[in-house]
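Quick one: this structure, given as structure tokens, is what I'll be asking you about.
Each reported figure results from applying straightforward, stated rules to the coordinates on display, with no laboratory input. Just so it is clear, the structure is predicted and the values come from calculations on it, not from any experiment. Glycine gets a Cβ as well: all are built from the backbone with ideal geometry, and neighbour counts include every protein chain shown.
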Ligand SMILES: Nc1ncnc2c1ncn2[C@@H]1O[C@H](COP(=O)(O)OP(=O)(O)O)[C@@H](O)[C@H]1O
Ligand SMILES: Nc1ncnc2c1ncn2[C@@H]1O[C@H](COP(=O)(O)OP(=O)(O)O)[C@@H](O)[C@H]1O
Ligand SMILES: [Mg+2]
Ligand SMILES: [Mg+2]
Ligand SMILES: [Mg+2]
Ligand SMILES: [Mg+2]
């Protein structure tokens, strides 16, 4: 994946999130404060616009720019969380100009660790980590099994989707949803749902299917 | 003291407080939030105006009207406190139309108890009670010694003044001043200063000196 | 009042109208339909409390299942108590010793889930001990 | 900044601009000259937090003796941490786990009396345990 592929990922992610913003907001209305779609649409739109203007000549620089935009423009907890994820992923890529399957795996892992550290959530707490964790694992299993980037990201997207489904019976222990306690059981976590979109955008782009 | 004498007391108190509002505010700026003069001027002006319009045909009704006005219009802690004091004093007077020296003493005592109960302060906590407590005691000592209302209220006003002076070395333990802890030492308590004005107004009116 | 029927209502008593209104706005987002009413500032909009505003807010917040009053500073407690003394017997409103914003959030969530007055009060009081991080 | 020189500054981070501004207004009354800066709402004035506002507020509140940040809800903590991570080393700002309004009052009083950063933080934290009545 080169710099323009990463730009394409962000663009596709922004498009998917805008298209699904209503659903994300609906999920957040059930167990949070009903703004996740609005927040992320604003954040990714800002990221996409900032990228249009920014130099960002390496994959790492692209991800760091996106991270900064998400942190400063999103407005909800998901902003600093995803923003930190993108920044840590960007850092992990350093100055590499062509990202291979192993390098992308280490970037995804850095994103997971960054989010985990900032938010202090654990898998099972009904957060975005419950989609991202399985996605990173599936990516690595696929990569170790010899998959190319397209195959590994497809595996990641599918695992994120399964992870999202597994958030339904969970009780939220982090973020605003945790205030609602038992009332969060029976609903998908909005952040896990948006993680699915990000992983799906990545798989689409690496499969060469982005519009 | 008849109904019109009580009306005259309130009027004189409103005048004295308006004249001294700046000083009360200055005292409150040193150890509180700098609004005691503004608060009480607003409260007593409202009380005075409400009395002009109200029936209030007994001394007790006058004091209850004043209490309601102070509670609803003052805006600071002193409003509910003085307001409760006036209301309890009014209740103590029941339907009496001519208040004698003993009855006025029981009304002052009821005011003290009402304020004490609402605010849960004790003498020595650097509040209005440190002026009102000595005033009530001095009034009763004078009354038991045979003083008339004029004499007993003069004694009360003088004792309030001494009580005010004694608040200077005290450390505030109630109200907003208590946030400042040690920094309140060395200043007069604003509420004790306004209690002096109320007692002085009472003494002026009972001496037949009100303008 | 069609919303909040059967739910405990919440009144936020502050010395600042902006503070009360901002807190109510924030809390309403997660109150699941429970009514949250701000009672902030003096009648002329200055810093202080107004017993008339508090009384009106209690009426607005009352949906038949009781009302909790959360005061910001100590002197709001005195104003609230004066109001309660006046309403004695005619109200189910109860004053709670809880952190203003955090207590309001916890009370609103509890009220929104249909908790009764005692449970809402307990939720507000427990907010004192909840860590933010 | 002529006021507040040598005093610890205070930043109030809220999801609502009205809440942050109302709290700052209230607290400024008793802050004895210490600077209290609100950082509330998103950039377009909605409910949420803005790291740009937080960063600007830290700068405004910094009078050379450190800054305490008081967040309203958990997600304000995440925004604040992101800002601090960015400023790493270049700031003396510290995030405090304290009740929003009560912690701000206690911190402001301590800051106004010339207390140092650690003492202001301790004052804010202790506000959690103070009874209102
Ligand atoms: N501490 C945390 N760690 C990981 N993810 C979190 C944490 N707190 C919240 N989230 C995620 O953020 C999502 C909510 O994001 P959003 O609605 O944009 O923010 P807010 O809760 O501030 O309104 C949740 O669904 C959850 O997945
Ligand atoms: N709990 C209390 N009991 C008795 N008097 C009190 C109490 N709290 C405050 N006061 C009195 O009220 C005065 C301050 O009144 P004011 O400035 O009008 O109210 P606020 O403190 O709300 O601004 C203090 O000087 C003190 O005498
Ligand atoms: Mg949300
Ligand atoms: Mg939100
Ligand atoms: Mg005052
Ligand atoms: Mg005041």
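When a/c is below 1.5 the answer is rounded, else prolate if a/b is larger than b/c, else oblate, so apply that to chain D with a ≥ b ≥ c taken from the square roots of the Cα gyration tensor eigenvalues.
rounded
Projected area of chain B, taken from the Cα convex hull and averaged over every viewing direction, in nm²?
It is 9.8 nm².
Follow-up. Where both partners of a DSSP beta bridge lie in the stretch C:9-129, what percent of those bridges are antiparallel, to the nearest 5?
0 percent
Any idea what angle helix A:101-119 forms with the longest principal axis of chain A, computed on alpha-carbon atoms, 0 to 90 degrees, nearest 10?
Orientation of helix A:101-119: about 30 degrees from the principal axis.
How do C:101-112, B:140-151 rank on mean C-beta neighbours within 10 Å, highest first?
Going by the mean number of other Cβ atoms within 10 Å, highest first, we get C:101-112, B:140-151.
What whole number of Å gives the distance from the Cα centroid of the stretch B:1-50 to the Cα centroid of the stretch D:57-133?
Distance between centres, Cα-based: 38 Å.
Here is a further query. For Cα pairs less than 8 Å apart in space and 6+ apart in sequence, what is the mean separation divided by the residue count of chain D, i.e. the relative contact order in percent?
29 percent
Considering only C-alpha atoms, what is the centroid distance from the stretch A:133-161 to the stretch B:136-177, in Å?
Going from one Cα centre to the other spans 83 Å.
Here is a further query. Report, in degrees rounded to the nearest 10, the 0 to 90 angle that the Cα long axis of helix B:36-53 makes with the longest principal axis of chain B.
The angle comes out at about 20 degrees.
Okay, next question. Summarise the partner chain shielding of C:68-74 as one whole number: the mean count of Cβ atoms from other chains within 10 Å of each residue's Cβ.
5
Averaged over peptide C:19-32, how many Cβ atoms belonging to another chain are found within 10 Å of each residue's Cβ?
6
I want to verify the translational diffusion coefficient of the protein assembly as shown in µm²/s; compute it with Stokes-Einstein, Rh as the Kirkwood radius over Cα pairs, at 37 °C and 0.692 mPa s.
119 µm²/s
Below 8 Å, C-alpha to C-alpha, sequence gap of six or more: please give me the relative contact order for chain A in percent.
The value is 22 percent.
Packing-wise, with mean Cβ within 10 Å as the measure, how do D:115-122, B:63-70 rank, highest first?
Going from most to least packed, we get B:63-70, D:115-122.
Can you give the average number of partner chain beta-carbon atoms within 10 Å of each beta-carbon in peptide A:44-52, as a whole number?
What the average comes to for A:44-52 is 0.
Using only Cα atoms, tell me the angle between helix A:129-144 and the longest principal axis of chain A; keep it within 0 to 90° and round to the nearest 10.
On a 0 to 90 degree scale, this one is about 30.
Applying a 10 Å radius around every beta-carbon, put C:126-132, A:193-199, B:189-195 in order of their mean neighbour count, most first.
So the peptides C:126-132, A:193-199, B:189-195, ranked by packing, come out B:189-195, A:193-199, C:126-132.
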